[in-house]
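Undergrad: Just dropping this structure here.
Read-outs throughout are calculated quantities, based only on the coordinates presented, and are distinct from any laboratory measurement. In this text the structure is predicted, and so the values were computed from the model without any measurement. Heads up, the Cβs are rebuilt from the backbone with ideal geometry, glycines too, and the neighbour counts pull from every protein chain shown.
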Amino acid sequence: MSGGRADWPFAIALAALAGFVDAVGFLRIGGLFVSFMSGNSTQLAVDAANGGGWWRMTAALILAFVAGVMAAAVVSERLGRWAPAATILLTTALLAWAALLMVGGTGAVLLAAAMGALNVVFQRDGRSIPITYMTGTLVRLGQALARALMGIAPRTGWLPYLLLWSGLMVGAGAGALAYAAVGTHALWGATGFAFVLALAVAVQSATAR
């Protein structure tokens, strides 16, 4: 995993947040994702080929995700060591806005933008920890396991990738349960969690040497 050891707990917590939000969005929209753009890209191609009616919504989610990445990249470039906390605050604001709108059935594009922004939180020196890109995480997990078995890498080098994937899975399960209990109001819990993480990352940045 790119990034320092101190980033791992925050990255895993953010992956859990992403899983939670993705589950709520998936259930509310009815089969589309707000963080898994590989799946949405396949869905967009299938709908475009078959004349399916979901292609506009799918395209909007993909564009919003990219816009979230772009906005967070600008923040990251401008704010130096405070960029991770500021990026999570951006995500928090987008989640709160989406929570207000999702009650009426809209706002999914804001969730996608928020998830795009999350992927830039730990971008440093051209490297990043991909918070929602679990295909890449599983590839890295397999590679790290292979290197560990061959004795050419640390025996536990694969563990961060497993924990990152597990964080998203736990978050997705919690999101599904929360949606079943309170519907899209569950997004307020995600918003509060994101705000707490932003504060924690800000404290880490303030004390880092």
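Undergrad: Starting from the stretch 70-83, keep only residues that are farther than 11 Å from residue 117 by Cα, then list their pairs with residues that are hydroxyl-bearing (Ser, Thr, Tyr) whose Cβ atoms are within a distance under 8 Å, requiring at least 6 positions of separation or different chains.
TA: Partner pairs satisfying both residue conditions: 81/205; 82/205; 83/76.
Undergrad: So is residue 33 outside any helix (DSSP H, G or I) and under 30 Å from residue 199 (Cβ atoms) or not? Spell out how you get there, then give the answer.
TA: On the way: outside any helix (DSSP H, G or I): yes; under 30 Å from residue 199 (Cβ atoms): yes.
Answer is yes for this residue.
Undergrad: Go through the stretch 13-35 and give me each residue that's under 12 Å from residue 186 (Cβ atoms), surrounded by fewer than 24 Cβ atoms within 10 Å (Cβ to Cβ) and aromatic (Phe, Trp, Tyr).
TA: Answer for the stretch 13-35, where residues must be under 12 Å from residue 186 (Cβ atoms), surrounded by fewer than 24 Cβ atoms within 10 Å (Cβ to Cβ) and aromatic (Phe, Trp, Tyr): there is none.
Undergrad: Checking the condition at negative phi, touching a Gly at 6+ places or on another chain (Cβ under 9 Å) and of a type in the set (Ser, Thr, Tyr), which residue from 184, 191, 156, 207 passes?
TA: 184
Undergrad: Within the stretch 142-188, restricting attention to residues that are touching a residue at least 24 places away in the same chain (Cβ under 8 Å), crowded, with 16+ Cβ neighbours inside 10 Å and of a type in the set (Gly, Ala, Ser), which residue is farthest from residue 106 (Cα to Cα)?
TA: Filtering the stretch 142-188 for residues that are touching a residue at least 24 places away in the same chain (Cβ under 8 Å), crowded, with 16+ Cβ neighbours inside 10 Å and of a type in the set (Gly, Ala, Ser), the one farthest from residue 106 (Cα to Cα) comes out as 167.
Undergrad: Is there a residue being touching a residue at least 40 places away in the same chain (Cβ under 8 Å) and surrounded by fewer than 22 Cβ atoms within 10 Å (Cβ to Cβ) anywhere in the stretch 43-58? Working first, answer last.
TA: We begin by selecting, within the stretch 43-58, every residue touching a residue at least 40 places away in the same chain (Cβ under 8 Å); these are 57.
Checking which are surrounded by fewer than 22 Cβ atoms within 10 Å (Cβ to Cβ) leaves us with 57.
Yes, the conditions are met somewhere in the stretch 43-58.
Undergrad: Okay, moving on. Find the residue count for the stretch 1-41, including only residues that are over 14 Å from the mean Cα position of the chain (by Cα), free of Cβ contacts under 8 Å to residues at least 40 places away in the same chain and under 19 Å from residue 119 (Cβ atoms). Give the derivation first.
TA: Filtering the stretch 1-41 down to residues over 14 Å from the mean Cα position of the chain (by Cα) leaves 1-9, 27-32, 39-41.
Filter again for free of Cβ contacts under 8 Å to residues at least 40 places away in the same chain, leaving 4-5, 9, 30-31, 39-41.
This time we only want the ones that are under 19 Å from residue 119 (Cβ atoms), so: 4, 9, 39-41.
Of the residues in the stretch 1-41, 5 are over 14 Å from the mean Cα position of the chain (by Cα), free of Cβ contacts under 8 Å to residues at least 40 places away in the same chain and under 19 Å from residue 119 (Cβ atoms).
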